[in-house]
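Beneath this line is the structure, given in structure tokens, with notes to follow.
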């Protein structure tokens, strides 16, 4: 019971704190509302739970043997997050146009986890902290994955609800432009530590 509680507390703290997933969900809630953003929320929660299983069942060992692969994925992830920040900032000027952008789909939300720097940190951290060689690794990894699955829905969903509440408050194109630019800036800030790590590996 203590083990499950510890995993749940870790899942709650890592899921509800600001990060690319939550910023993306809140931005979608502001621009498209709860109903149209539900596929994105489902994709994030299910995609990350599956990612935990894959990391637990051998991906971490693969990175140990081939650290350059982890570095390459990290670089691709940072590049994609910066591109996503640009899309969020750009969407603000299209809110009132006939070609309004669509919210991200379930599949994009799920695949996004593989280029999300925070998702990698949380996944590898969870596996390292809550599995032990002396125990049943399969059972431990299933518990971790299922705990994150159930915990992430309300934790990430809070950000979606908050975004939908802001949808009514931000009732002008100018207000939404400021909001989207702010969210794009926060997304860039969230990847700065990873960018610093990449630069350090390249030049030091």
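The values are calculated or read from the model by the stated rules, or taken from the named source; none is laboratory data. Here the structure is a predicted model, which is why all the values come from computation and not from measurement. Glycine gets a Cβ as well: all are built from the backbone with ideal geometry, and neighbour counts include every protein chain shown.
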(message) With loosely packed, with under 15 Cβ neighbours inside 10 Å, at pLDDT 85 or above and touching a helix residue (DSSP H, G or I) at 6+ places or on another chain (Cβ under 8 Å) as the only criterion, which of 4, 69 stands out?
(response) 4
(message) When the residues of region 98-143 are narrowed to those that are within 16 Å of residue 41 (Cβ to Cβ) and not in a helix (DSSP H, G or I), which ends up modelled with the highest pLDDT?
(response) 105
